[in-house]
Amino acid sequence: MRIRVLGSGAGGGFPQWNCSCHNCAAVRAHAPGFRARTQSSLAVSRDGDRWLLLNASPDLGEQIRSSPSLGARPDVGPRNSPIKAVVLTNADIDHVAGLLTLRESQAFSILANQRVLDVLSGNPVFNVLARDKVARVAMAMDEATAVKGAGEELGLVVQMFEVPGKVALYLEDASAGASLGTQPGDTVGLRIEDAESGNAFFYVPGCAQIDARLASRLRGATLVFFDGTLWSDDEMVRQGLLGKTGARMGHVNVSGESGSMAGFAGINVGRKVFIHINNSNPLLDETSPERAEAEAAGWEVAYDGMELSL
Ligand code: MLT
Ligand code: MN
Ligand code: ZN
C-alpha cells in the first residue's frame, strides 16, 4: 500500500493568505527551516493506479498537479482520473471543499458518515457532482467497508470510528450550549487496510482528546497520522490570531500533560506522524526546541509530498 501526503497543513494552509504570524512571515521569506504546506489530505493506493483520497482539501487542484500518479493518463481516453474514491472525516471546509475540484463529469465515490453526506446534500453547490456519476456512500461506524469507485474495487478496506470532536465551524449551534450541536459521527478517524496484505494504518486529522477508547483502538498500530494542529492549547490566543483555544476548536494540543504526545506515550505505536498542522505551531520551525522535543518523543512531522509504504 502506498501513502502520499498531499497536504500536511491545517485549515488555511501555510502560509495562510491573511496571516503575518511569526511562522507565516518566515515561510513567506523562505527562511531556512520552514517549508510551505497545503491543507491536509492523504492519497492511498494498493496498486499505484487507482487511488483513494482521505479528505478533499481546497488545495486539491494544486496537490494533483504536483503528484504525477494522480493526473489523467494519456492512454485511457480523453477524460480519465486515477482518483476513484474520497472518504471524508468530517464536513470542515478544509476537508470537503476540494470535492468541487473533482467536478467535470468524472465517476468516483464519496464515502462518509450520513451526517456529513447530509451537509453535502443540503448545499446545492455540491450538485455539480452529479449523482449518476458520483456515488455517495453512507458509512456506518466501526464497519469494515471494501472501497469501490467508478465500478472498480480498490483493494482497500476502510473502517470509520468516532473520535472526540466537534461539528464543523459553520454548523455550530451556539444555542446548544457547550456541545455546539455536535452529534455522533460529526468527527471520525479512519483505519485503512490493504485487503491483500492486511497491513493497516490510521488517519485522525481532527481529535479533541485521547480517551481510553481511542487509546485502546490505536494500541500496537503500525502507523498513525494524528492531529498536530496546535502545540499548546492557547497558542492562537497568545499570538493574537484568534480568540479560541484548541479545546474550543476541537483539537487536542501536542504538548503538556493533557497533550497528544503524553497521550500516545503508553500506546506503543510503530510510527507516529503529526498532520493538519496549524501555521501558529512551533513544530513548523524545523530548528525549534519544540520540534526537537517532538522528534525525541518519536514523532515525525508530515510534509507535502511525503511518501510511505506499508
Ligand atoms: C478545524 O480544523 O478546526 C477547521 O478546519 C476550522 C475551519 O473550518 O476553519
Ligand atoms: Mn481543519
Ligand atoms: Zn500564520
Could you calculate the contour length gain from Ser216 to Ala296, that is, 0.36 nm times the residue separation minus the distance between their Cα atoms, to one decimal place in nm?
26.5 nm
Would you please give the residues with an amide H less than 5 Å from that of Gly149, counting only those at least 5 places away or on a separate chain, with H modeled from the backbone geometry?
Leu154
Rounded, prolate or oblate for the range 72-221? Axes are the square roots of the Cα gyration tensor eigenvalues, ordered a ≥ b ≥ c, and the cut-off for rounded is a/c under 1.5.
oblate
Table column - 3J(HN,Hα) (Hz), the range 167-183, Karplus curve with 6.51, -1.76, 1.60, x for Gly and Pro
5, 4, 3, 7, 10, 4, 10, 4, 6, 8, x, 4, 6, 6, x, 5, 10
Note down the magnitude of the dipole of the range 203-310 about its Cα centre, charges +1 on Lys and Arg C-beta and -1 on Asp and Glu C-beta and zero elsewhere, to the nearest 20 debye.
460
Would the range 6-76 count as rounded, prolate or oblate if I go by the C-alpha gyration tensor, calling it rounded below 1.5 in a/c and otherwise prolate when a/b exceeds b/c, oblate otherwise?
prolate
When Tyr203, Tyr303, Tyr170 are ranked with the fewest other C-beta atoms within 10 Å first, the list becomes Tyr170, Tyr303, Tyr203
Using only DSSP helix segments of four residues or longer, with each worth -39500 (n - 2.57), what per-residue ellipticity at 222 nm results for the chain after dividing by its residue count and rounding to 500?
-4000 deg cm²/dmol
Mind checking the dipole of the chain: about its Cα centre, +1 per Lys or Arg Cβ, -1 per Asp or Glu Cβ, Debye to the nearest 20?
480
Any lysines whose Cα falls less than 24 Å from that of Lys166, other than same-chain ones fewer than 8 residues away, would be Lys244, Lys272
Going toward the positive end of the dipole of the range 70-182, with +1 on Lys and Arg Cβ and -1 on Asp and Glu Cβ, which of Leu99, Val87, Ala144 do you reach last?
Leu99
Got a sec to turn the phi values of the range 235-240 into Karplus ³J(HN,Hα) couplings, 6.51 cos²θ - 1.76 cosθ + 1.60 with θ = phi - 60°, whole Hz, x for Gly and Pro?
5, 6, 5, 5, 7, x
Treating only the Cβ atoms of Lys and Arg (+1) and Asp and Glu (-1) as charged, compute the dipole magnitude of the range 124-172 about its Cα centre; round to the nearest 20 debye.
220
Mind listing the long-range amide H neighbours of Val86? Cut-off is under 5 Å, sequence gap 5 or more, other chains count too, H placed in the peptide plane at 1.01 Å from N.
Leu53, Ser109, Ile110, Leu111
Treat the count of other C-beta atoms within 10 Å as a stand-in for reagent exposure and order Asp304, Asp94, Asp194, Asp118 from fewest to most.
Asp118, Asp194, Asp304, Asp94
Taking a ≥ b ≥ c as the square roots of the Cα gyration tensor eigenvalues, with a/c under 1.5 meaning rounded and otherwise prolate when a/b beats b/c or oblate if not, the chain comes out rounded
Between Ala247 and Arg131, what length comes free when the chain is fully extended (0.36 nm per residue of separation minus the Cα-Cα distance, one decimal in nm)?
38.1 nm
Fewest to most neighbouring Cβ within 10 Å: what's the order for Lys84, Lys133?
Lys133, Lys84
Relative contact order %, the chain, counting alpha carbon pairs below 8 Å whose residues are six or more apart
19
For Gln39, list long-range residues whose amide hydrogen, built 1.01 Å from N in the peptide plane, is under 5 Å from its own amide hydrogen.
Gly9, Asp59
First select every other residue whose beta carbon is under 13 angstrom from the beta carbon of Thr182; then total the charges, Lys and Arg +1, Asp and Glu -1.
-2
At 7 Å along the Cα-to-beta-carbon direction for both Ser175 and Glu143, put a label point, then send me their distance in nm to one decimal.
3.3
From the phi of every residue in the range 56-61, what ³J(HN,Hα) in whole Hz does the Karplus formula 6.51 cos²θ - 1.76 cosθ + 1.60 yield, where θ is phi - 60° and glycine or proline is x?
10, 7, x, 8, 4, x
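Just so you know, all these numbers are worked out from the coordinates, no wet-lab data involved. Here the structure is a predicted model, which is why all the values come from computation and not from measurement. Note that each Cβ is placed from the backbone with ideal geometry, even for glycine, and that neighbours are counted across all protein chains shown.
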